[in-house]
Ligand code: NAD
Ligand code: DAU
């Protein structure tokens, strides 16, 4: 592949993926990003200009999407409205971007016969009980809980239908919770890290017993590139790195890094419909494509991530006050 278009390439995981592609392949990259509140141009700073083109545009813009898709070999589709809490307060952009945007891209790759990889989430499977030893597999039935996860589930089904009905050459991946550099301060880990940097008590939803399966964004990137280059067309691959932790455990690890007492946090009202537990069985990806996560140590990854937010305050500072004001308006501050 000479040129890969990355939708949402100025967001958290998309920008990590662009860095990974430029560092590990010879492909050029075209980023298509609407530059919503979640995007940051500086996440792409320092990359070679001759290998990277950045287009400020909407994946729902059929004319723009058509001309860009015609000019590339493959599309890796990260662009989405991604935050559950926002989707509970205004689902409308989630329906527009996650469903209509994916539809618009699919129609373009169908017209031009281009390879497509769809990036999705484990949340499409709903949640597991805390005491259930089961993990999600590619055969787990869809059962999404929030406006965010239901629009992602709908987008997955569109991709599957375009493969079957129109022969579109697509693969899909559903990944667990990512953490690492360039993650917006609205999300759990960066919200608490930046609160702690500011000397503000972290905010925990409910009792903090909900479990997430954490993976470093670099490992998500290498998995997506592996599936793009070697995955079987029409297949779905689950991506995870065996990083299950409950929220209180993550929070206590952060408090320890900052030298704070383990009870130095504020419980705040829980998220409505809050999924209990996510857990990924990524055996198919590992057995079939030989993928192995390089950063499975969550505690070491958290320490690196704290260091990154400490050293890159200019990257996040301008978003912090507005994000906390939004949480305050929602009663979660
Ligand atoms: P993010 O919110 O950080 O970034 C999303 C990017 O998409 C932003 O740059 C935004 O400007 C762009 N975007 C939004 N609407 C757009 C539109 N209409 N047209 C063009 N660009 C648009 O999200 P993220 O956390 O990096 O997630 C990226 C993808 O990975 C999403 O599809 C998400 O569902 C999926 N995913 C995320 C996680 C996670 O833990 N964050 C886990 C599994 C899967
Ligand atoms: O599982 C993959 C999903 O992970 C992705 O599809 C989503 O795009 C991504 O945002 C993430 O969803 P979550 O809702 O799990 O992530 P979030 O960072 O919002 O919250 C993680 C957990 O922390 C969740 O149980 C809610 C809790 N939480 C969150 C915030 C913001 C808190 O306890 N306090 C907080 O302040």
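The residues on offer are 19, 89, and the sole one that is over 22 Å from residue 159 (Cβ atoms), within 14 Å of ligand 1 (Cβ to nearest atom) and either surrounded by fewer than 23 Cβ atoms within 10 Å (Cβ to Cβ) or over 13 Å from the mean Cα position of the chain (by Cα) (or both) is 19. If only residues of segment 164-175 that are under 20 Å from residue 284 (Cα atoms) and more than 14 Å from ligand 1 (Cβ to nearest atom) are counted, the one that is surrounded by the most Cβ atoms within 10 Å (Cβ to Cβ) is 170. Residue 98 meets the stated requirement of being assigned to a helix (DSSP H, G or I), near ligand 1 (Cβ under 8 Å from one of its atoms), more than 19 Å from residue 23 (Cβ to Cβ) and touching a residue at least 40 places away in the same chain (Cβ under 8 Å). Right, residue 196: closer than 21 Å to residue 316 by Cα, away from ligand 1 (no atom under 16 Å from the Cβ) and touching a helix residue (DSSP H, G or I) at 6+ places or on another chain (Cβ under 8 Å) or not? When the stated conditions are applied, residue 196 passes them.
Among the residues of segment 288-306, at least one is within 16 Å of ligand 2 (Cβ to nearest atom), at pLDDT 95 or above, within 28 Å of residue 171 (Cα to Cα) and surrounded by 14 or more Cβ atoms within 10 Å (Cβ to Cβ). If you go through segment 161-197 and keep only what is away from ligand 2 (no atom under 14 Å from the Cβ) and either more than 30 Å from residue 139 (Cβ to Cβ) or in a strand (DSSP E or B) (or both), you end up with 170, 171, 181, 197.
Does residue 251 satisfy being free of Cβ contacts under 8 Å to residues at least 60 places away in the same chain, surrounded by 21 or more Cβ atoms within 10 Å (Cβ to Cβ) and assigned to a helix (DSSP H, G or I)? Taking the combined requirement at face value, the residue satisfies it.
If you go through segment 25-46 and pick out every residue that is away from ligand 1 (no atom under 15 Å from the Cβ), under 24 Å from residue 183 (Cα atoms) and in contact with a helix residue (DSSP H, G or I) (Cβ under 7 Å, 6 or more places away or on another chain), you end up with 1. Taking residues in segment 161-186 that are in contact (Cβ under 8 Å) with a residue 40 or more places away in the chain and at negative phi, and partners anywhere that are near ligand 2 (Cβ under 9 Å from one of its atoms) and assigned to a loop (DSSP other than H, G, I, E, B), the pairs with Cβ atoms closer than 9 Å and at least 6 places apart or on different chains are 176/278; 177/187; 177/278; 178/187; 179/187; 184/82; 184/83; 186/83.
The values are calculated or read from the model by the stated rules, or taken from the named source; none is laboratory data. Here the structure is a predicted model, which is why all the values come from computation and not from measurement. All Cβ positions, even for glycine, are placed from backbone atoms using ideal geometry, and neighbour counts span all protein chains on display.
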